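No value in this document is a laboratory result; all are computed from the given coordinates. Small disclaimer: the values here were computed from a predicted structure and weren't measured. Cβ placement follows ideal geometry from the backbone for every residue including glycine, while neighbour counts extend to all protein chains displayed.
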Amino acid sequence: MIEVRDLHKAFGKVKAVDGVGFRAADGQITGLLGPNGAGKTTSLRMLYTLMRPDRGQVLVDGIDAAVDPAGVRRRLGVLPDSRGLYKRLTSRENIRYFGQLHGMDDALIARRTDALANALEMGDIIDRRTEGFSQGQRVKTAIARALVHDPRNVILDEPTNGLDVMSTRAMRRFLLQQRAEGRCVLFSSHIMQEVAALCDRIVIIARGQVVAEGTPDELRAQTGEENLEDAFVKAIGTEEGLMA
Amino acid sequence: MKAALVVFLKEVTENLRDRKTVLNALVLGPLLGPVLFAVMMGFIINKQLDSAEKPLALPVIGAEHAPNLVAWLGQQGVQVQPAPADGEAAIREREARAVLVIPASFGEHWRKGETAQVQVLFDSSDQEGRTPKARVSALLQAYSQQQASLRIAARGLHPALLSPLAVADRDLASSQQRAGQLLGFLPYLLVLGAFLGGMYLAIDTTAGERERQSLEPLLANPASRAQIVLGKLGATFGFAMASMMLSLVAFSFAFQYIDLERLGMRIDFDLGLILRAGLLMVPLVMCFAALQTIVAAYAKSYREAQTYLSLLMLVPMLPSIILMVNPMKGELWMSAVPLLSQNVLVMALARGEVVALAEFALSFGATLALAVVLAWVAVRIYHREQLAVSA
């Protein structure tokens, strides 16, 4: 479970995040929706302890990120906005590297790698060097790498960015599978259809603040709009930056 | 410490698979210094031996005014050449290195027993002219002495009257110490080898990792940043050290092919020297690995890092230059100054002198302390938020 309370982060005079708070429960997919520049990536970066919040609290499975950042990172599987691979290593070696950094032994890493390769349908690329991989193959490897330690909580920053239709569908199936396994899945997106199709709960962020939160039905009720798309636009207050 | 080892092994594996890095760090880097040195030395030795052993060719103007002198020069092995049209022009055009001019009044002065003058034309700015000029002057001096003795003897006096003082030179430098002066740049070339060896890894593991956007996922791992930095530093150090040791071995080979004996010099570049010099350099190589990592981590891109590190390469040249311009007697305080101490002590080792354990330990300890400080700075940099966030 991930809980975020009243996060603030400023870069100079720019308030990138200005009071973001939400909960993402186990066995659910929570979507962080917002236009480009709304503060989604910065919020997530504070969540996985890459940045320190100016104010506010991050709790992962009850562990405070300010007190035990390493413990928080251990419980998270993170696919950040930047997801570069080591191109002179094979896909399997990329995954093993992260497994070793999590302190896993070789046998366990091998078992997890096989399971993830299976789930992500990457059997044909797992032993190839990642140089020259397609965008889809790169994302698959990056996800397998991020989840090698079997984390209870999964954070993905715009996971379908740059993916074609087939890869996007495979990604959705994978996220639903993670939910079925009881994990807490939190992902960000600026694409409304994607969030609508996947999420149990939606957190809408605009200008560094949470402007609406709830299930799709609750959002429709809150905004008084029948159509989910209109509900989003109303919550954000503008159509700018919402479309892919 | 386990995570640091994981990072270290991964960086080494990855870079060993990069042909360009291997070529630069483990082949070109170590060979650059020794090859440069061997070629330069071979060139200098040949030059010196050539001009010292070759028969001296000497154009003489006005040879007819002093046939005895010219004949004597011929007996001494000088190839007397006919007068050039213009003696001064011949020197300026470097057609001749030295020209002997005997004036018409020579014979008259000589017969009267007065001091007769001859001129030697030469160009002191011409490197190759110095040896021939010195040889001509020495021969003329010898002729003058000989004639003086004859004149004194003819008057019934003892020739020893003319030389109340006899000077005998005794060079106390061993042949290995004499060779030491050739080794002035050895410490710098070693540092250069280490620098080039570590440079690619320092950039690849910091600015490169950020540019490839793999730093953020790496930092999302539970491993502490200190461990990650130490692993990266270790890999850079490993490559730099390998490069420098290969460089030392290459030097040892190079010295077997340079004919120093003919200059009366000797260098024992054996395994003992390689190991001792290598050990002496260990903490310095650590310093450079940390310094390179710090600079590369500050750079915004791979290219920027390359530019900074190329400039940084000039820093280790400073002590070498200072010691060349102003050779200092080795004193204990020098052993406490990183970089300077390695310069002084590696030179002393190469000259075959005994390096006291205290100096060795002081140099090692002081430099190691600096390395620890620099590594700590590198770790601090990795705690900066801006570092992880790629541009």
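Find how much the distance from B:His383 to B:Ala71 grows on full extension, using 0.36 nm per residue of separation minus their present alpha carbon separation; answer in nm with one decimal.
Once the chain is fully extended between B:His383 and B:Ala71, it gains 103.8 nm.
Please build a GNM for chain B, connecting alpha carbons under 10 Å apart, and tell me which residue among B:Pro338, B:Pro103, B:Pro327 fluctuates the most.
Highest fluctuation of the listed residues: B:Pro103.
May I ask for the equivalent-ellipsoid semi-axes of the range B:5-68, computed as the square root of five times each C-alpha gyration tensor eigenvalue and listed largest first in whole Å?
Those come to 60, 9, 6 Å.
Report the normalised scattering of the range A:75-183 as log10 I(q)/I(0) at q = 0.15, 0.24 Å⁻¹, calculated by the Debye formula with identical scatterers on the alpha carbons.
Ignoring solvent entirely, the Cα scatterers give -0.57, -1.60.
Normalised radius of gyration for the range B:248-324, please: alpha carbon Rg relative to 2.2 N^0.38 Å, two decimal places.
1.51
Hey, can you list the DSSP H helices of chain B whose Cα span along the axis is 24 Å or longer and whose average Kyte-Doolittle score is at least -1.0?
B:29-53, B:130-154, B:186-203, B:225-257, B:271-298, B:357-382
Based on the alpha-carbon gyration tensor of the range B:55-159 and its eigenvalue square roots a ≥ b ≥ c, which shape applies: rounded if a/c is under 1.5, prolate if not and a/b is larger than b/c, or oblate?
Taking the square roots of the gyration eigenvalues as a ≥ b ≥ c, the range B:55-159 is prolate.
Report, please, the projected area of chain B averaged over directions, based on the convex hull of its C-alpha atoms, in nm².
That works out to 26.4 nm².
Tell me, rounded to the nearest percent, the portion of alpha carbon pairs in the protein assembly as shown spaced more than 47 Å apart.
43 percent
Which of B:Val136, B:Ser163, B:Val101 sits closest to the plus end of the dipole of the range B:86-206, meaning its Cα is farthest towards the positive end, when Lys and Arg get +1 and Asp and Glu get -1 on the C-beta?
About the Cα centre, the residue reaching furthest to the positive side is B:Ser163.
Got the relative contact order for the range B:87-186 handy, in percent, Cα pairs under 8 Å and 6 or more residues apart?
18 percent
If we count trypsin sites (Lys or Arg not before Pro) as exposed when they sit in a DSSP loop and have at most 13 other beta carbons within 10 Å, what is the longest stretch of chain B that avoids them all?
B:171-299
Using label points projected 7 Å from each Cα along Cα→Cβ, tell me how many nm separate A:Leu176 and B:Arg170, to one decimal.
Roughly 10.1 nm, to one decimal.
Where in the range B:36-65 does the label zone of B:Arg94 land, with the point 7 angstrom along Cα→C-beta and an amide N cut-off under 16 Å?
B:44, B:47-48, B:51, by backbone N distance to the label point.
May I ask for the equivalent-ellipsoid semi-axes of the range B:181-339, computed as the square root of five times each C-alpha gyration tensor eigenvalue and listed largest first in whole Å?
After diagonalising the Cα gyration tensor, the semi-axes are 35, 16, 15 Å.
Once you compute Rg and the Kirkwood Rh from C-alpha atoms, what is the Rg to Rh ratio for the range A:167-244?
Ratio of gyration radius to Kirkwood radius for the range A:167-244: 0.98.
Give me Rg over Rh for the range B:318-390, both radii from the alpha carbons and Rh done the Kirkwood way, two decimal places.
1.19
Suppose we take every Cα in the range B:261-391 and form the convex hull; what volume per residue is that in Å³?
Expressed per residue, the convex hull around the Cα atoms of the range B:261-391 is 137 Å³.
Taking the Cα centre of chain A as the origin and placing charges on Cβ (Lys, Arg +1; Asp, Glu -1), which of A:Asn227, A:Gln178, A:Ser82 is farthest toward the positive end of the dipole?
The residue sitting most towards the positive pole is A:Ser82.
Leaving out same-chain residues fewer than 8 places away, which lysines sit with a Cα under 24 Å from that of A:Lys9?
A:Lys40, B:Lys300
In a Gaussian network model over chain A where Cα atoms closer than 10 Å are linked, find which of A:Asp200, A:Asp157, A:Asp54 has the largest mean-square fluctuation.
A:Asp54
Over the range B:51-94, what portion of Cα pair distances is larger than 11 Å, expressed as a whole percent?
The proportion of pairs with Cα distances above 11 Å equals 68 percent.
Dividing the alpha-carbon Rg of chain A by 2.2 N^0.38 Å yields what?
Ratio of Cα Rg to 2.2 N^0.38 Å: 1.00.
With just the Cα atoms of the range B:118-269, tell me how far they stretch along each of the three principal axes, in Å, largest first.
The Cα atoms of the range B:118-269 stretch 103, 32, 26 Å along the principal axes, largest first.
Could you size up the charge dipole of the range B:73-153 around its Cα centre, putting +1 on the beta carbon of Lys and Arg and -1 on that of Asp and Glu, and report it in debye to the nearest 20?
360 debye
Remind me, relative contact order of chain A in percent, using alpha carbon pairs under 8 angstrom and six or more residues apart?
Over chain A, the number comes to 28 percent.
Sort out the exposed loop GluC sites (Glu not before Pro) in chain A (DSSP loop, at most 15 other Cβ within 10 Å) and tell me the longest stretch that has none.
A:1-120
Based on the alpha-carbon gyration tensor of the range A:1-93, what equivalent-ellipsoid semi-axes (square roots of 5 times the eigenvalues) come out, in whole Å, largest first?
Each semi-axis is √(5λ); the values are 23, 18, 14 Å.
Take the Cα pairs of the range B:189-236, get the Kirkwood Rh, then feed it into Stokes-Einstein at 20 °C and 1.002 mPa s and tell me D in µm²/s.
The diffusion coefficient I find is 184 µm²/s.
Go through the range B:298-391 and name the GluC sites (Glu not before Pro) that are in a DSSP coil and have 11 or fewer other Cβ atoms within 10 Å of their Cβ.
In loop regions of the range B:298-391 (DSSP not H, G, I, E or B), the sparsely surrounded GluC sites (Glu not before Pro) are B:Glu331.
With unit charges on the beta carbons (Lys and Arg positive, Asp and Glu negative) and the dipole taken about the Cα centre of the range A:1-62, which residue among A:Leu33, A:Ala10, A:Leu59 sits farthest to the positive side?
Value: A:Ala10.
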